[in-house]
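The structure appears right after this line, and notes come after that.
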Amino acid sequence: MKKVKVGIVGLGRLGMRHANNLMFQIPNAALVAACSVRPEEAAFVKDNWGVPSVYTDFDQFLTNMEMEAVVIVSPSGQHCEQIGKAMARGLHVFSEKPLGVDVPQCKQAEQAVEAHPELVFQLGFMRRFDPSYAAAKQMIREGKIGKPFLVKCTSLDPDSRIDSFLPFAPTSGGIFRDLTVHDIDLARWLLESDVKKITAAGGCYKYQELADCGDVDNAVALMEFKNGTVALFDSGRIAPHGSHVETEIQGTEGILRIAVVPEKNRVLIYDHTGAVQQCTEDFLERWREAFLNEMIEFINCVSEGRKPEVTVYDGTKCTEATYAATEALRAGKTVELK
Ligand SMILES: NC(=O)c1ccc[n+]([C@@H]2O[C@H](COP(=O)([O-])OP(=O)(O)OC[C@H]3O[C@@H](n4cnc5c(N)ncnc54)[C@H](O)[C@@H]3O)[C@@H](O)[C@H]2O)c1
C-alpha cells in the first residue's frame, strides 16, 4: 500500500492525538517528520515512536524533502502563515481550526489555497465527522425534519481541564474564536447559510484571570442567518460534569437532538445519589472518532486526488462570524456582517 508521507507541526494537547492517529491508526499514512518549539516533545516522538526527523524550527522542518503533506496543530495565530509557507513548498495541508484569528490572515490563507489548486487543503472542523452529527446531516438531507430553521448549540468545556486551558488562553483568540467557532461551523453546515447579524453577552463568572487576556468564561450569542434562519450559541469553560456538547435542530416537520446527555458509555450507576450516567471527560475523549475520521478523510483526499468538503472559505466565514461576535460582546451591540 502506498503511504502518504506526513509531517506534523505542534505536539501539544491536540497535536499528540493527531500524531498518534497518523502514526498508529491510519494504515495509508506515515509520520515522517515532526516539529515543536518544545524540544522535549520532539524528542518524545523520536525516541518513543521512531519518527525519523524532528525539528524545533518550522522553517527547518519545511526543508524536509520526504514530506508530501503537513498537519498544522500550532497555536491559532500561526496557522495562516504556516499554511502559506507549506503550500508554497508544494505540500498538501491539514490545518487545525480556527483558520486564523483575524480576517486579513484568513484572506492570505485563501490566496495560498487558490494559488495551488493541485494541492489538498482541509480545515479541522472535526464535528462534521462525528457519527451522530454526520447522521443528523444525512437525515436533514433526506427531509426527515422538513426545513431546518433553528439550531441551538451548547458547548461547555469541563472545569476539571481549566488548568490546561489557562496557559493557552492568551493565544486562543477568545471564547467565540476558540470554542464557539465549532458550533458556528455546524450551524452554517446544518442551516446551509451564512451569518447576517449577531448579538452577544457573557462574562467571567468563575475565572477572573481570563479578563486579563480580554476573554470570558461563559458567553451566549444569537445569530440570524442570510436565509432567515436562526442559531443560538451557549459556550462555557466551567462545566462541573465533563465535556458537554449538545445540539438541537428544529425543522418545520421535526426536531433532532444530539448528545443531550454527554454520556461516556451506556452504563447507569444506581447508588445513594440516584441513577448516575458518567460523562465524557474532555474534548479528546468526546471527539475521539471525529479526530480520527477527519484525518482519514484528509489522507484519502491526498492519495485519491480529491478535494475535502470542509474548505478554506468555511474557515474565513466562521472567523468573520467569531470576530463579529467578539465585537458584539465587547461593545454590547448587534453587529451586522458585510
Ligand atoms: N479541533 C478541536 O477541537 C481543537 C481542540 C484543541 C485545540 N485545537 C486547536 O489546535 C491548535 C493547538 O492547540 P493545543 O491545545 O494543542 O495547543 P498547545 O499549546 O497544547 O500546543 C501547541 C504546540 O505548538 C507548538 N508550537 C508553538 N509555536 C510553534 C512554532 N512556531 N513552531 C513549531 N511548533 C510550535 C508547541 O510547542 C506545542 O507543541 C490550536 O489552534 C487550537 O485552536 C483544536
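The values are calculated or read from the model by the stated rules, or taken from the named source; none is laboratory data. Remember, it's a predicted structure, so these values are computed and weren't measured experimentally. Reconstructed Cβ throughout: ideal geometry from the backbone, glycine too, with neighbour counts over all protein chains shown. Areas reflect the complete protein model, heavy atoms only, side chains present, ligands, DNA and RNA absent. Shrake-Rupley method; radii C 1.70, N 1.55, O 1.52, S 1.80 Å.
Restricting attention to the range 66-83, and to residues there that are within 11 Å of the ligand (Cβ to nearest atom) and assigned to a loop (DSSP other than H, G, I, E, B), which single residue is modelled with the lowest pLDDT?
Pro75
Out of Asp59, Asp47, I need the residue that is open to solvent by 10 Å² or more (accessible area, probe 1.4 Å), within 13 Å of the ligand (Cβ to nearest atom) and on the phi < 0 side of the Ramachandran plot. Which one?
None of the others qualify; the one that does is Asp59.
Keeping to the range 165-179, report how many residues are more than 11 Å from the ligand (Cβ to nearest atom) and touching a helix residue (DSSP H, G or I) at 6+ places or on another chain (Cβ under 6 Å).
Total meeting the criteria: 2.
Scanning for something within 17 Å of the chain's Cα centre (by Cα), open to solvent by 10 Å² or more (accessible area, probe 1.4 Å) and within 14 Å of the ligand (Cβ to nearest atom), does the range 129-140 turn up at least one residue?
Yes, that holds for at least one residue.
I'd like the residue in the range 8-31 that is part of a strand (DSSP E or B) and away from the ligand (no atom under 11 Å from the Cβ) and, out of all such residues, is surrounded by the fewest Cβ atoms within 10 Å (Cβ to Cβ).
Ala30
So, of the residues in the range 167-216 that are in a loop (DSSP other than H, G, I, E, B) and modelled with pLDDT under 95, which turns out to be most open to solvent (accessible area, probe 1.4 Å)?
Pro167
So which of Glu327, Glu224, Glu246, Glu320 ends up being closer than 20 Å to Tyr133 by Cβ and modelled with pLDDT of 95 or more?
Exactly one of Glu327, Glu224, Glu246, Glu320 is closer than 20 Å to Tyr133 by Cβ and modelled with pLDDT of 95 or more, namely Glu246.
Of all residues being assigned to a helix (DSSP H, G or I) and out of contact with any helix residue (DSSP H, G or I) (no Cβ under 6 Å at 6 or more places or on another chain) in the range 105-127, which is surrounded by the most Cβ atoms within 10 Å (Cβ to Cβ)? Just the residue, please.
Per the criteria, the residue is Lys107.
Against the definition (near the ligand (Cβ under 10 Å from one of its atoms), in a strand (DSSP E or B) and at pLDDT 95 or above), how does Ala34 come out, yes or no?
Judged against the criteria, Ala34 is a match.
In a loop (DSSP other than H, G, I, E, B) and within 16 Å of the ligand (Cβ to nearest atom): does that describe Gly100?
yes
Identify the single condition in (1) part of a helix (DSSP H, G or I); (2) under 21 Å from the mean Cα position of the chain (by Cα) that Gln60 does not satisfy, given that it satisfies every other one.
So the condition that Gln60 fails would be (2).
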